[in-house]
Every structure is written in structure tokens, then in C-alpha cells.
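Reading through the C-alpha cells given below for one structure.
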Amino acid sequence: MESTRNQATDQRDRRRRAIVLGASFAGLTAAAALAEHFHEVVVLERDRCPEGAAPRKGVPQGNHIHILLRTGIDALDDLLPGFIEETRAATETLDFGADLSWKHWGAWKARFESGVEVYPETRPALEARLRRRVSELPEVEIRWGTAAVGPALDGTGRRVIGVELRSPTGGPVLLEGDLVVDATGRGSRTPAWLEAHGFDAPAEEEVRIGLAYTTGFFRRLRPAPFPGEVLFLPPQAPGIRRGGVIMPVDDERWVVTLLGYAGDHAPTELDGFREFARGLSDPACAEAIEASEPLSEIRRYEISRQVRRRYDRLRTIPEGLLVTGDAVCGLDPHFGQGMSMAALEAVALRDLLQRRAGRRDPIRGLGRPFQRRAARIAAGPWSLTSGEAFRFPEIPGKRPPGTGLLHWYGRQLGLAGSWSPRLHRVFIRVMHLSAGPASILRPDVVLQVLAGALRRRLFGSASRSRTVMSMDSAEG
């Protein structure tokens with residue numbers, strides 16, 4: 001593997017040291033990308049190293065449901081060849097079309113062999129495997145229990161030369177580096193650091209979603225009391241602000257997450273948790289968890305807002321400083337796109353460095369093109385998640401022009417997914433970041449969606465929507 005990685009970058013072109021702040025998913029994938037271009041990559045993490053696949057304090061969302069989308073797993077395999085095969089060996093392989101029971105807008109989605117494989121497992125299990133693979137790279141060192149004060153600038157105040165660390169005696173210690181990558185997540189302090197050193201902070205866009213995840217592990221029932229292996233009941237705007245997901249994470253357990261927007265949050269005691277599930281759009285979730293044995297305490301994680309920081313629009317940014325992952329764009333996790341976005345940003349970083357490998361100073365001027373690429377990666381998911389949040393009248397924010405029309409069209413596309421595997425596949429590709437939101441507005445897609453809406457208006461709900469749990473073949 002080492003010889004393959006080194007083919008991309010001649011050793012003479014490598015810079016001395018890159019520093020990554022945070023051993024998060026975004027930080028680990030960034031480290032894998034940087035290892036091809038630096039003699040040394042140091043990852044600094046304030047948490048202690050977890051034992052095995054255990055949650056850690058700095059990732060409170062790790063106790064809750066996660067899924068790595070198809071584009072994300074492909075990006076990881078690109079950065080760390082063989083990662084997909086390791087994942088298949090460690091967990092189940094599910095088909096996103098065939099194995100997911102998904103009810104939306106009152107209709108069950110068509111189930112068919114989509115060819116989109118996903119691998120259900122806990123976030124700590126995924127990160128443990130990723131952490132092991134990244135730690136095995138000879139260039140990478142993860143320093144656990146190490147707190148960084150912030151980046152350090154040279155005498156001109158315009159170039160990052162490393163990171164200030166807290167020494168045991170309390171004074172700052174400089175860890176020199178040619179490049180610093182902030183992967184510290186939603187709580188990133190880079191905006192405040194920029195302002196403190198005379199730079200503009202990035203403009204922020206936010207949507208206050210008032211979301212909470214409430215999650216417990218339950219004994220897995222075999223067979224599941226619903227078709228397929230995964231149950232997904234999203235909220236139904238405007239009236240139902242709560243949703244639920246049941247997913248197998250190993251042979252014995254389900255992870256069950258109940259979510260709610262605008263303050264409609266599930267209790268963390270078992271009876272209240274089960275009662276909350278009875279208010280979902282279908283009784284399937286409540287019936288399943290009432291028949292199953294709880295295996296853990298129930299935990300809650302609150303996400304008050306989704307936020308996008310526009311580093312791509314800054315006029316100046318210090319040379320040698322990059323920001324990635326949730327520190328750039330922290331999405332509504334209900335859509336499951338955050339980890340995959342971070343992996344795509346890591347691939348973009350590696351590719352940019354490959355193209356600059358022959359330059360005398362490949363780091364110079366890197367910030368602007370990287371942040372623009374990160375912004376492009378985030379643009380589609382941000383548009384999708386923000387638009388869906390604005391379906392709820394309780395969620396504040398200025399609705400862009402045309403929001404009502406897009407909401408109507410999105411609902412018609414969602415309903416079409418109950419009778420047309422082809423149209424459902426179109427949306428699956430957008431959800432998995434394999435295609436942008438514009439793909440749902442292709443003329444052939446629009447015509448089919450409108451034809452379906454007209455049929456429903458003239459003849460009522462199609463009978464196929466009542467039998468979608470039978471296996472369909474994909475059209476086209």
C-alpha cells in the first residue's frame with residue numbers, strides 16, 4: 001500500500017509537517033489525505049484515546065444512529081484502499097432500495113434492488129476501524145490528550161507556522177508545521193481566532209432547527225416486524241415534527257433513534273420514549289420497540305441549529321490554514337450526509353495537493369481553492385436540508401423565493417417514489433451525494449413527476465402505493 005501511495009507524490013516534493021486539529025471523522029480522513037504529501041502528519045486530540053469501539057466525550061453524537069452514505073464509503077476506499085472490504089467483513093451489507101422500509105408523505109417507498117450498498121454499524125465502530133487504518137500510516141501520529149491553544153503566525157502575521165500547545169507548566173509551546181487543518185467540528189474557534197488576529201471571520205448562515213436525537217439500543221427481533229432490515233419514518237411537515245429510525249448494528253442489537261424538530265423531543269425514560277414513538281407517522285416503530293427488550297440507557301443529543309461558515313467568501317485567509325468538516329458546514333444530521341461530506345473534502349484536499357506537487361511552495365494559495373471546493377461539496381446538502389427544515393412553520397428564517405413551489409414538487413417526487421423505482425432512485429442518488437439537487441429537475445424526471453401528480457389528482461392514490469413492500473425491479 002505504501003508504494004502505491006507514494007507513486008502520487010515524489011518524496012522530494014513532500015513538505016515537512018502538517019497538523020490536524022481534532023481526531024474526528026473529518027480529522028482522520030484529512031490526515032489520510034495529507035499523508036501522501038507530508039513527511040509527518042500530527043493529529044492533535046484533547047480527548048484520551050478510547051478503548052476499542054467506545055464512544056468518547058468529544059463526539060457526543062457518537063451514541064446515536066449514523067450511516068455512511070455510498071459516496072462517503074467510496075471516498076474512504078479511495079483514501080485507504082481496502083476499506084470497503086474491511087467494512088463488509090465487519091458488518092452487514094444492505095441494499096438501500098431493497099432493505100429499507102421508508103414511509104414518507106403517507107406512502108411506503110418502492111423497494112427494489114438499487115445497487116446502492118450501505119453498511120450499518122455504530123459510529124464508534126466505524127471510527128475505531130478508521131482510526132486504526134490511519135494510525136498504521138507511517139507518516140501519521142495521533143497525540144491524544146493534547147490541547148491546542150490555536151494556530152501560530154509568523155512575523156508578518158499572514159502565514160501559519162504551526163500550533164500553540166498548552167505546556168504542563170501552563171505556557172504556550174510551539175509545534176511547528178507547514179499546514180494546519182481545523183477539523184474540530186461545530187464548536188470550532190477559528191472564527192474567533194481570525195478576528196483576534198486582524199482577519200475577517202467568515203459570514204455564517206444558519207437555520208435554527210431545534211432538533212434532538214434520543215437513542216437507545218434494543219434486542220434485535222428476527223424476523224423484523226417490518227419488511228426489510230431498516231425502518232425509516234421521517235417527520236411529516238407541517239403537522240408531525242417527529243420521526244424515527246430502527247437499524248441493525250450487529251446480530252443482536254438494534255439502534256433506535258427518535259428525533260424531533262422545534263423542541264418536540266423524546267423523553268429519555270423508557271415509557272416516555274415508547275409513548276413518543278406512538279406519535280410517529282406510522283405505528284410500525286412503536287410496535288417494534290414495544291416488542292423488543294431494551295439493552296442500554298436512553299441518551300439525548302440536541303442540535304439547536306445547522307450552520308454554514310462561508311470561508312470560501314473571505315477576501316484573505318492566513319496561508320497554511322484550512323478548515324474542514326462540521327467546522328465549515330454542520331448539517332442537520334437527520335439526513336446523514338455530514339461524514340460523507342468530510343470524506344469528499346479529504347479527497348478534494350489530496351487532489352489539490354497532487355496538482356500542486358511540483359510547485360516550489362504548494363501550500364501558498366491553497367486555502368482559497370480548497371475552501372471553494374468544500375463550499376461546493378456542501379452546497380447541495382445545505383440546500384436540501386435547509387429547504388426541508390423550512391417546511392415546518394415553527395422553524396424561523398427567511399424562506400427563499402420559490403420555496404413553496406419546491407416544497408410542492410419535492411412532495412410529488414416523494415410520492416412518486418412509492419410507485420416508480422426509477423424516480424425513487426433519482427432521489428436516492430441525491431441523498432447519497434452521487435448527484436446534485438439539480439438532477440431532480442431534469443426534464444424527463446419533471447415530466448414523470450407531474451404526470452404522477454395529475455393521475456393522483458384525477459384518480460386518487462395509486463393502488464401500487466398500498467403494495468410497495470413487494471419487490472419491484474428498477475425501471476430504466
Odd one out for Ile240, checked against (1) crowded, with 21+ Cβ neighbours inside 10 Å; (2) more than 21 Å from the chain's Cα centre (by Cα): (1)
Long-range neighbours under 9 Å by Cβ, at least six apart or interchain, first residue on the phi > 0 side of the Ramachandran plot within segment 15-28, second assigned to a strand (DSSP E or B) and aromatic (Phe, Trp, Tyr): none
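Give segment 274-291 a look and list any residue that's touching a helix residue (DSSP H, G or I) at 6+ places or on another chain (Cβ under 8 Å) and either within 15 Å of Arg241 (Cα to Cα) or surrounded by fewer than 16 Cβ atoms within 10 Å (Cβ to Cβ) (or both), or say none.
Of segment 274-291, the ones touching a helix residue (DSSP H, G or I) at 6+ places or on another chain (Cβ under 8 Å) are 274, 277-278, 280, 285-286, 289-290.
Result: Ala277, Arg278, Leu280, Glu290.
Could you grab me the full set of residues in segment 456-476 that are more than 26 Å from Leu231 (Cβ to Cβ) and either touching a helix residue (DSSP H, G or I) at 6+ places or on another chain (Cβ under 6 Å) or modelled with pLDDT of 90 or more (or both)?
Of everything in segment 456-476, just one residue is more than 26 Å from Leu231 (Cβ to Cβ) and either touching a helix residue (DSSP H, G or I) at 6+ places or on another chain (Cβ under 6 Å) or modelled with pLDDT of 90 or more (or both), namely Gly476.
If only one of Pro318, Pro267, Pro333 is of a type outside the set (Asp, Glu) and surrounded by fewer than 18 Cβ atoms within 10 Å (Cβ to Cβ), which one is it?
Values: Pro318 fails: surrounded by fewer than 18 Cβ atoms within 10 Å (Cβ to Cβ); Pro333 fails: surrounded by fewer than 18 Cβ atoms within 10 Å (Cβ to Cβ).
After applying the criteria, what remains is Pro267.
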Long-range neighbours under 6 Å by Cβ, at least six apart or interchain, first residue assigned by TED's automatic domain parsing to the domain that holds Val181 within segment 44-59, second of a type in the set (Val, Ile, Thr) and surrounded by 13 or more Cβ atoms within 10 Å (Cβ to Cβ): Leu44/Thr146
Among (1) over 27 Å from Leu68 (Cα atoms); (2) out of contact with any helix residue (DSSP H, G or I) (no Cβ under 9 Å at 6 or more places or on another chain) - the single one Leu450 does not satisfy: (2)
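Could you identify the single residue in Gly58, Gly27 that is small (Gly, Ala, Ser) and at pLDDT below 95?
Details: Gly27 fails: at pLDDT below 95.
None of the others qualify; the one that does is Gly58.
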Of all residues making up segment 69-103, the number that are surrounded by fewer than 21 Cβ atoms within 10 Å (Cβ to Cβ), part of a loop (DSSP other than H, G, I, E, B) and of a type in the set (A, V, I, L, M): 1
Conditions (1) modelled with pLDDT under 95; (2) among the hydroxyl-bearing types (Ser, Thr, Tyr); (3) assigned to a loop (DSSP other than H, G, I, E, B): number failed by Tyr301: (3)
Selection count, segment 77-111, where residues are in contact (Cβ under 8 Å) with a residue 24 or more places away in the chain, more than 16 Å from Ser281 (Cα to Cα) and out of contact with any strand residue (DSSP E or B) (no Cβ under 7 Å at 6 or more places or on another chain): 11
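Does Pro294 count as surrounded by 16 or more Cβ atoms within 10 Å (Cβ to Cβ) and touching a Phe, Trp or Tyr at 6+ places or on another chain (Cβ under 8 Å)?
Details: surrounded by 16 or more Cβ atoms within 10 Å (Cβ to Cβ): no; touching a Phe, Trp or Tyr at 6+ places or on another chain (Cβ under 8 Å): yes.
No; evaluated as a whole, the condition is false for this residue.
So if I check each of Tyr261, Tyr213, which one is under 30 Å from Leu322 (Cβ atoms) and among the aromatic types (Phe, Trp, Tyr)?
Details: Tyr261 fails: under 30 Å from Leu322 (Cβ atoms).
Exactly one residue qualifies, and that residue is Tyr213.
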Strands (runs of 3 or more DSSP E) fully within segment 119-231 counting 2 or more residues that are surrounded by fewer than 21 Cβ atoms within 10 Å (Cβ to Cβ) and of a type in the set (Asp, Glu): 204-207
Test set (1) surrounded by fewer than 22 Cβ atoms within 10 Å (Cβ to Cβ); (2) under 20 Å from the mean Cα position of the chain (by Cα) - Tyr409 fails condition number: (2)
Residues satisfying the stated conditions in segment 11-61, i.e. surrounded by fewer than 24 Cβ atoms within 10 Å (Cβ to Cβ), under 23 Å from Glu302 (Cβ atoms) and not small (Gly, Ala, Ser): Arg46, Asp47, Pro50, Pro55, Arg56, Lys57, Val59, Pro60, Gln61
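The values are calculated or read from the model by the stated rules, or taken from the named source; none is laboratory data. No experiment lies behind these values; they were computed from the predicted model shown. Counting neighbours? That spans all protein chains shown, and the Cβs are built from the backbone with ideal geometry, glycine included.
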